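Supplied in structure tokens, the structure appears directly below.
Nothing in this text is a laboratory measurement; each read-out follows from the coordinates by a stated rule. Bear in mind that the values here come from a model prediction, so they are computed numbers and not experimental data. Please note: Cβ atoms are built from the backbone with ideal geometry, for glycine as well, and neighbour counts cover all protein chains shown.
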Amino acid sequence: MNATGLAELFFYSASMWWVIIPAVFIGILMGAIPGFAAHNTIIMLLPLTLAVDVDVALTFMVALYCASHLGGGIPAILLNIPGTGGAAATTLDGYPMSQQGKASKALALSFVASISAGLLTSAVTLFMLQYLSQVGFYIRSVEMVVVMLFGLALIAAIAAKDMIKGLIAGALGLMLGAMGADHIYATPRGTFGILELFDGVPLVPALIGLFAISEALIMLETRTVAPAGAARSMPTWTQTFREIAGAFRHWVLMIWTSLLGLVIGVLPGAGASIAAFVAYQQARVFSRTPEKFGTGHEQGVVAPEAANNGVTTGTLVPLLAIGVPGGSTAAVMMVVLQFHGVPFGPRLFVQDPLLAYGVIMSMFVAYVFMLVTLFPLTRYLSRITVVANYYMAPMIVAFTLVGAFVPRNFMADLTIAVVFGLIGYVARKTGYNVAAILIGVILGPLLERSFLLSMRISGGDWTVFFSSAIGNILWALLAVTLLASPSISLLRRMRRKGDIY
Amino acid sequence: MSDDTPSGRRQVGSDLIIPVAGIAYAVYYVYSVWDFPPEAQRSGFFLAGLLVALCLIFFVRIGILAARGRVELEFDALLGPPRGRLGRLGFVALIGAYLLTVGTLGFTLTTFSFLFIGSLLAGLKSIRRAAIFAATASLAGWLFFIVLLGTRFPLGPFEALVNMVTSSWR
Amino acid sequence: MTKFTKRTPALIGRRGFLGAAGAVAAAAGTGGLFAPGRALAQEFPSRNIDIIIPTGEGGGADRDARAFASVWGNHLPTNFQFGYYPGAAGQVGYEFYMSREPDAHSLIFANLGPEVIMLALQDTGISVGEDIVYIQQTLSEPMAVWVGPSSPFRTLEELVEEGRRRPLTVAVSRLPHPASIGMLALGEALGIEIVLVPYGGGNPTAMAAITLEVDCAALPVTNSIVLDDQSLVLGIFADENVAPDGTDNAPTVNAALGTSIPALTSSRAWGIHRAAYDAYPERVTRLKESMAATLADPAYVEAVEGAGVPSVFIDPGDEAQAMASAQATIEMARRYRDLLTGS
């Protein structure tokens, strides 16, 4: 595509500003309410998207989808409640920053990382779509097992503070994640005969319980999220500008974690949660200050937020390049395309290239529009942390329970959320990390699925896991990842003692 | 361990809840897949074994500390600071009441009652402010979740009344 | 090849979009608000029709149900609400459907093949005929075996030849499925080992075949038709290939390999609670009449083709025909019970 074509495409997408702006606002708002997110919101708004022209519908959905990933980080940082699974890793450092009275700084980091990642990955996708679509040919079930293990490695990192408790939390999450129909014969396991658990632990109620409800119960012990001594006044515009400008210091981290997110997003069945967990873990391993992660470290906010926004463009690649949706949001987009009688996959590029490339350009433009929201959101939203908890806690429970209900419309999901809330509360009070439990719940079933598929394909031959070049490279990288942290710390300790150098 | 007591001994009672519950679930899980084909059992068996093994290591660690007289079986850490404890327990009970009544009372009335009582239990002193807060938030929630988004959350007498009024306008 | 309806060339304007957004928001909101008002009218339907889909959104059932509902509204004046309840090979959707009020306002859109097999093999307590009645069949499509564009196999014979040297891996949506049965029957007839790999849905199954993770995929033929040049159909489990254009003019499996595997089809059908069927015969009649009128409406043919499904698969069948399809599937499931359940 030449420069003229690109400019034409940009202005074509930008001419849809009247769709993108409301979509961005709806997306940020819905992304910030656990349970709604892009997928469920798009389903709820399906009558609207089916009623309008397909260009408008796609632009609306794409902009909403991107914005929801930006919105998901807001409650993760301010209230320790991730709006989406992809923002769960953001809580690990974002919330401690809020507790230290640095909420606006954490928000600036999150927004800058999200928007930069979105701009970068949509630009990369625009030029490299066909190459990206090939990723699926190299990373299949066998390699996915290793990718999942990269995510699970975060449990070990989280467990660093209290190894045995961290590992128990992770194992409990994995055990709970193994609930539900098995992947081969579809027979329900460990469900207590409860129909609503046959499809496994529902992610949204589990997320809401572990993070929102348990956090609301903990919040009752203090007056506000921000410390008593934190500034009561709003940051000035100059301060806000400095915080936003300061976030760009992490540009290297933003670039590589967003590209990591893009690649993981392309993989069918993977998604923002995995990308964010892997990015957080990798950022920690290669950080000069890994010990600061989990204590309110800036890099711990940047990495997962850049990665989960990198995923947004990646998710659309299989749908656009091959014609098969790679995730649930892309599947809903496919419904709209089908309804309008528009082909998808390679034919879309032949029959209607403006629409095909326009989808990706719409993402780019949506992120450009999000730049506008950057300053006011950073400045005003941090005020939430000084709202009294006697208002916040009941409101969090009442409204997130609606979020627990929305994805599946099962009343039992409210009870599931509350049960997970109690598990989360006990875990928090006794030092078992809820993020480790959630990682197990999310990644466990995906790991089991990839493992069983690989074993079926290989006829039960365990060596299949070491049978591909890419897989072996990933194994080696995983080993490096797991060994890097302890090795670097050991070297540092030795250096301090004067044993080396 | 959860907390150090003034005596210098660590409270471990509440620390045992997660491992004990985890083991109980692992045992139930294994029981539930006992007659299943191996592919449906394998990962469950592995995970149950892993969880039980980790919990046993944890119990051994606590056992060693107990033998040295450095732990006590207390559950105090679980309930948080003594101040406001009753209110917090009441809040948990209120969540239970919410689950029981939401199907009948519908979104708006249940949310109003929950926010009103919940904010008072959470420490808000003024009944008037609690009522204003609950009314504003529940009506805003109704407008947003029920009217605008059209979620299928249960409808109750309030929603029925609004339906009647709006129907009479038509 | 699949026909697609042409996209509307002009964009709708800003006002149009905002107007539509307002109208949809109002409709979504007041759908619940005004419902009891309609109930007072003692008409059927007195509220929205809930359509339960026991698979995920964006799948074949979703596509076909939406195509039907887009025309059905002209013959049954009400709104249609879609709910997706995937899980346990459809068991979750069926059990959830059975828990709904049996008042003929809740219907299940069934994929008779896989779902009836699931009901026959899994311990659901739901029995076809006794608990659920399929009142109208809409579409029927045969199962197909196909490969991705970069596959080394270009014909069914080449695939079978490879199968004589080593086990063939076949991506399927799930084990209890007519396509799975077709592949098992093929393996049995030719003495080759078939390893079924269930990917849990049509989309991931297709992806596995396209990326060459497996040797081939076996799915209802529309999946490969919709994929167009991303799939190469090798054979159809039917007596005749009625949609040669969209299926690379593939032969039937029996014609290509000299086997005598029975035709394996899956039909979409509307199901209703037996209790509602017995308690509200007049409502069921109204549903049946409006469904039949929809199927006879040329707009339905357009909607089906617009969704990428060849109209030749439209297969209107009354209750007797739908229930006979279901019964035939139950018989087939019983025959392959051991292989499908791992027992």
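Using only helices, what value at 222 nm comes out for chain C when you add -39,500 (n - 2.57) per DSSP H run of length 4 or more and divide by the total residues, to the nearest 500 deg cm²/dmol? Please list the in-between numbers first.
Details: 15 runs with 154 residues, N = 343.
For chain C, the value works out to -13500 deg cm²/dmol.
If you stretched the chain out fully between A:Arg383 and A:Trp462, how much longer would it get, using 0.36 nm times the residue separation minus the C-alpha to C-alpha distance? Please list the in-between numbers first.
Numbers: separation 79, 0.36 × 79 = 28.44 nm, distance 5.40 nm.
Result: 23.0 nm gained on full extension.
Can you compute the helix-only [θ] at 222 nm over chain B? Use -39500 (n - 2.57) per DSSP H run of at least 4 residues, normalise by all residues, nearest 500 deg cm²/dmol.
Numbers: 6 runs with 115 residues, N = 170.
Mean residue ellipticity, 222 nm, calculated: -23000 deg cm²/dmol.
Suppose only helical runs count, i.e. DSSP H with n ≥ 4. What mean residue ellipticity at 222 nm does that imply for chain A under -39500 (n - 2.57) per run, divided by all residues and rounded to the nearest 500 deg cm²/dmol?
Working: 23 runs with 356 residues, N = 501.
After summing the helix terms and dividing by the residues of chain A, the value is -23500 deg cm²/dmol.
Obtain the nm distance between the two label points defined at C:Arg165 and A:Met411 by a simple spin-label model: each point lies 7 Å from its Cα along the Cα-to-C-beta direction.
6.1 nm
Which of rounded, prolate or oblate describes chain A when judged by the alpha-carbon gyration tensor and an a/c cut-off of 1.5?
Rounded is the answer for chain A, as its axis ratio a/c remains below 1.5.
In degrees from 0 to 90, rounded to the nearest 10, what is the angle of the helix C:178-190 Cα long axis to the longest principal axis of chain C?
20 degrees
Next question, about the same structure. Give me the one-decimal nm value for the distance between modelled label points at A:Tyr131 and C:Asn249, 7 Å along each residue's Cα-to-Cβ direction.
Once both label points are built, they end up 3.9 nm from each other.
Another one. Can you put C:Leu339, C:Leu156 in order, fewest other beta carbons within 10 Å first?
Details: C:Leu339 16, C:Leu156 24.
Going from least to most buried by this count: C:Leu339, C:Leu156.
Right, next: Kindly put A:Lys102, A:Lys161 in sequence by how many other C-beta atoms sit within 10 Å of each C-beta, fewest to most. Don't skip to the end; give the middle numbers.
Details: A:Lys102 22, A:Lys161 11.
Least to most surrounded, the residues fall as A:Lys161, A:Lys102.
Also: Across the residues of A:190-198, average count of Cβ atoms on other protein chains within 10 Å?
Working: counts 10, 3, 3, 1, 0, 11, 5, 3, 9.
Mean shielding by partner chains, rounded to a whole number: 5.
With the Cα gyration tensor of chain C in hand, convert its eigenvalues to equivalent ellipsoid semi-axes via √(5λ) and list them largest first in whole Å. Walk me through the intermediate numbers first.
Values: eigenvalues 264, 117, 57 Å².
Ellipsoid half-lengths, sorted descending, are 36, 24, 17 Å.
Could I ask something else about it? Would you please classify the overall shape of the range C:142-257 from the alpha carbon gyration tensor, given that a ≥ b ≥ c denote the square roots of the eigenvalues, rounded means a/c under 1.5, and beyond that prolate means a/b larger than b/c while oblate covers the rest?
On the way: a/c = 1.27, a/b = 1.08, b/c = 1.18.
Rounded shape, in that the Cα axes give a/c under 1.5.
Would you please give the FRET efficiency between C:Val301 and B:Leu65, computed as 1/(1 + (r/R0)^6) with r the Cβ-Cβ distance and R0 = 56 Å, to the nearest 0.05? Kindly include the intermediate steps, with their values, before the conclusion.
On the way: r = 76 Å, r/R0 = 1.36.
It comes out at approximately 0.15.
Determine the shielding of peptide C:201-207 by partner chains: average, over its residues, the number of Cβ atoms on other chains within 10 angstrom of each Cβ. Walk me through the numbers before you get to the answer.
Numbers: counts 1, 1, 12, 7, 1, 4, 11.
Mean inter-chain Cβ contacts per residue within 10 Å come to 5.
Of C:Lys288, B:Lys125, how do they rank once you tally other Cβ atoms within 10 Å and put the fewest first?
Working: C:Lys288 16, B:Lys125 9.
So the residues, fewest neighbours to most, are B:Lys125, C:Lys288.
Give me the dipole magnitude in Debye, nearest 20, for the protein assembly as shown about the Cα centre, with unit charges on the beta carbon: positive for Lys and Arg, negative for Asp and Glu.
Values: 63 positive and 67 negative charges, 983 e Å.
Charge dipole, the protein assembly as shown, about its Cα centre: 4720 debye, nearest 20.
Name the residue farthest towards the positive end of the dipole of chain A from the options A:Thr187, A:Leu210, A:Ala123, assuming +1 on Cβ of Lys and Arg, -1 on Cβ of Asp and Glu, about the Cα centre.
Going by the charge dipole, the pick is A:Leu210.
Sort the following peptides by mean Cβ neighbour count (other Cβ atoms within 10 Å, averaged over residues), highest first: B:61-73, A:27-39, C:115-127. Kindly include the intermediate steps, with their values, before the conclusion.
Working: B:61-73: 13.4, A:27-39: 26.7, C:115-127: 20.5.
Output ranking for B:61-73, A:27-39, C:115-127: A:27-39, C:115-127, B:61-73.
Provide the packing ranking of A:434-440, A:415-421, i.e. peptides ordered by the mean count of other C-beta atoms within 10 Å per residue, highest first. It would help to have the intermediate numbers written out before the result.
Values: A:434-440: 27.3, A:415-421: 23.4.
Ranking, from highest mean packing down: A:434-440, A:415-421.
How crowded by other chains is A:15-22, given as the mean number of beta carbons from other chains within 10 Å of each beta carbon?
Numbers: counts 1, 3, 1, 5, 5, 0, 0, 3.
For this peptide, the per-residue mean of nearby foreign Cβ atoms is 2.
OK, next. Does anyone have the angle between helix B:38-67 and the longest principal axis of chain B? Alpha-carbon axes, 0 to 90°, nearest 10?
That helix lies at roughly 70 degrees to the long axis.
A follow-up question, please. For A:Thr222 and A:Asn2, compute 0.36 nm times the residue count separating them, minus their Cα-Cα distance, and round to one decimal in nm.
Contour length minus the Cα-Cα distance gives 73.4 nm.
What is the extension gain from B:Val27 to B:Phe45, computed as 0.36 nm multiplied by their sequence separation minus the C-alpha to C-alpha distance, in nm to one decimal?
Working it through step by step, the gained length comes to 5.5 nm.
Right, here's the next one. Give me the distance in nm between label points sitting 7 Å out from Cα along the Cα-to-Cβ direction at B:Leu89 and B:Val165, one decimal.
Label at B:Leu89, label at B:Val165, 4.1 nm between them.
Relative to the Cα centre, what is the charge dipole magnitude of the range A:3-497, using +1 at the beta carbon of each Lys and Arg, -1 at the beta carbon of each Asp and Glu, and rounding to the nearest 20 debye?
Numbers: 26 positive and 19 negative charges, 362 e Å.
My answer is approximately 1740 debye.
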